[in-house]
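Taking it in order: structure first as structure tokens, then the write-up.
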Amino acid sequence: MFSEILKALGSPWLIPLIVAVIAVPLAKGLFGLHRSRAQDRKDFLDLWAKADKADDLWLQVAVRHVYGENLPVPLIRHLMLQPQAARALVDLAFVWPLLDMDEATGEMRWREKRHSSLKARRVEWRIWLAAYAILAFSAFGFIALAVISGKSLLGLAAWALALEAFFFAYRALGKAERMSDTVEAVPRWTAKLKWKPVAEYKSAAALPARFRKSETRRKR
């Protein structure tokens, strides 16, 4: 079956050509998404000029509209008082999947207990950077193998592995950037906020199964 597919393709260069053809509409889609976000920001600024910023619900929805995360209102108001409020909101929204705020006490906390250690966050940051480098170099290695293998099952498998390696390299780079912000941005913008003591963190094993499922869905 694979030999017939490769015979029909006729050239080992047709596979990367197909990939390039697929990349064109993908790039157009990303450009359209960028334009859509730009329009969303314009709509946000129009709403911002007209609305009552004292309303907590409006403030939270407006920030969610432009920054992509449901930040707590007390945190939003704290960040708005910073000299670089827009930058602070961008940074905290980016790392918010790793953070949380206790509704009862208003204390900040990490969703994962291990992230409460600055040293652990730095180690994880470097691990994701190393994973990105390894995966990126692996992808280029698979491309070289695919070109050398030509019209063979090994060549087809190498192209598939190259695409997969590029995908996971992109994911690793995103995680590395997020962990970088937890090392630099989080201490910078939340230094004056109260943090929940690590000893009071509830372990996931101690939580009811329904709550653990809810937490898992929130992280996704």
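The values are calculated or read from the model by the stated rules, or taken from the named source; none is laboratory data. All values derive from a computational prediction rather than experimental measurement. Don't worry about glycine lacking a Cβ; one is built from the backbone with ideal geometry, like all the others, and counts go over all protein chains shown. Calculation scope for accessible area: heavy atoms of the full protein, side chains included, ligands and nucleic acids excluded. Shrake-Rupley method; radii C 1.70, N 1.55, O 1.52, S 1.80 Å.
Annotations
Results for (1) touching a residue at least 60 places away in the same chain (Cβ under 8 Å); (2) more than 16 Å from the chain's Cα centre (by Cα); (3) closer than 30 Å to A86 by Cα, shown as yes or no for each residue.
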site	(1), (2), (3)
A104	no, yes, yes
E107	yes, yes, yes
H115	yes, yes, yes
A120	no, yes, yes
W125	no, no, yes
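- Residues of the range 52-66 include at least one that is outside any helix (DSSP H, G or I), of a type in the set (A, V, I, L, M, F, W, C) and modelled with pLDDT under 85.
- One residue from A199, A185, A176 being surrounded by fewer than 15 Cβ atoms within 10 Å (Cβ to Cβ) and either under 14 Å from F94 (Cα atoms) or modelled with pLDDT under 85 (or both): A199
- The selection criterion, being modelled with pLDDT of 85 or more and out of contact with any helix residue (DSSP H, G or I) (no Cβ under 8 Å at 6 or more places or on another chain), does not hold for R114.
- The number of residues in the range 81-110 being open to solvent by less than 40 Å² (accessible area, probe 1.4 Å) and either in contact with a helix residue (DSSP H, G or I) (Cβ under 6 Å, 6 or more places away or on another chain) or not charged (D, E, K, R) (or both) comes to 15.
- Set side by side, the residues L75, L71, L92 differ, and just one is in contact with a strand residue (DSSP E or B) (Cβ under 9 Å, 6 or more places away or on another chain), in a loop (DSSP other than H, G, I, E, B) and at negative phi, which is L71.
- Leading residue by the ranking (least open to solvent (accessible area, probe 1.4 Å)) among those in the range 111-139 that are among the charged types (D, E, K, R) and over 28 Å from F166 (Cβ atoms): R111
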